[in-house]
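Novice: A single structure is presented below for examination.
The values are calculated or read from the model by the stated rules, or taken from the named source; none is laboratory data. Keep in mind that what you see is a predicted model, and the values were worked out from it rather than measured. Positions of Cβ are backbone-derived with ideal geometry, glycine not excepted, and every protein chain shown enters the neighbour counts. Quick note on the areas: whole protein, heavy atoms, side chains included, nothing else; ligands and nucleic acids left out. Shrake-Rupley method; radii C 1.70, N 1.55, O 1.52, S 1.80 Å.
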Amino acid sequence: MMAPDINNDGVSTCGCKGIRRCIICEKFKGKTQTETREPEKMHHFLYDAETKLAVCKDGDGKGASFPFPGVFLWENFISEEEEKELIGFMDQDVWNLSQSGRRKQDYGPKVNFKKKKLRLANFNGLPGLSQKLVLRMQQEPNLQGFQPVEQCNLDYHPQRGSAIDPHLDDSWLWGERLVTVNMLSETVLTMSLEEGLPERGLVGNIRVAVRLPRRCLVALYGEARHRWKHAIHREDIQERRVCSTYRELSAEFLPAGRQAELGAKLLDIALTFRGTPV
């Protein structure tokens with residue numbers, strides 16, 4: 001397991017900005033109001049991959065279960081040998097500091113999501129070891145035609161208090177399916193809906209825990225991609241965890257889309273599989 005980043009003064013560093021926090025910066029910044037205030041009413045569910053139901057974890061049994069579409073889980077997507085090879089390859093490159101105690105490696109264009117602008121910059125493709133994984137993904141009916149143009153590797157560690165806050169991924173550039181390969185340890189992907197499900201009598205925040213076994217693949221699409229926020233909470237990182245998330249293009253960048261030419265250029269670069277982190 002790798003230790004937290006240490007600078008030349010022997011002081012651990014982090015990449016947190018604004019309201020983001022990790023264990024390292026909490027020592028001198030303190031916790032945010034969101035972390036210290038009393039939690040609101042919360043309904044807890046557990047995702048059952050076989051039935052594709054969110055099953056109630058609350059003692060009162062209210063809202064015993066409901067359909068939870070848009071999650072595809074592929075256990076043992078990679079082998080132990082492949083995991084070892086992938087992690088060894090990643091650890092040869094620099095891990096850059098990121099928010100909330102994470103470290104990252106990016107393979108993709110430089111994007112300004114607020115201004116909806118992107119530039120190729122130094123993007124020279126996805127890494128070579130990802131080629132066989134992408135081909136394997138495409139054999140699965142749920143991932144048929146999946147052509148990623150971006151790969152983001154994230155490194156989580158309990159010593160840094162690594163986490164990622166509830167969020168929805170961009171849908172201007174990124175397409176319907178978000179695909180993640182989970183490595184080194186199991187964790188929980190927490191799906192949340194702040195407005196509740198009043199049609200099911202559930203008022204307040206709803207959380208659905210999706211257990212991610214080591215070496216699995218998880219894909220989000222449909223409502224799980226566009227309506228439910230997803231997060232990895234600090235308490236669900238017990239050991240070092242590394243994941244690779246792959247993103248495809250939205251319709252705007254595909255054939256017949258307004259920026260189809262740019263999309264084709266991005267795909268041509270990405271699928272050379274000769275990339276280095278940007």
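Novice: Determine, yes or no, whether residue 179 is β-branched (Val, Ile, Thr) and closer than 23 Å to residue 116 by Cα.
Specialist: The answer is yes for residue 179.
Novice: Then there is this: Looking only at the range 19-54, count how many residues are open to solvent by 60 Å² or more (accessible area, probe 1.4 Å) and modelled with pLDDT of 90 or more.
Specialist: Qualifying residue count for the region: 4.
Novice: Something else now. Look at the range 89-144 and say how many of its residues are touching a strand residue (DSSP E or B) at 6+ places or on another chain (Cβ under 9 Å), among the polar types (S, T, N, Q) and in contact (Cβ under 8 Å) with a residue 60 or more places away in the chain.
Specialist: 9
Novice: Could you look through the range 88-108, keep only residues that are touching a Leu at 6+ places or on another chain (Cβ under 7 Å) and open to solvent by 20 Å² or more (accessible area, probe 1.4 Å), and pick out the one that is farthest from residue 156 (Cα to Cα)?
Specialist: The selected residue is 89.
Novice: Okay, next question. Out of the residues in the range 118-173 meeting the condition of being over 20 Å from the mean Cα position of the chain (by Cα) and hydrophobic (A, V, I, L, M, F, W, C), tell me which one is nearest to residue 102 (Cα to Cα).
Specialist: 123
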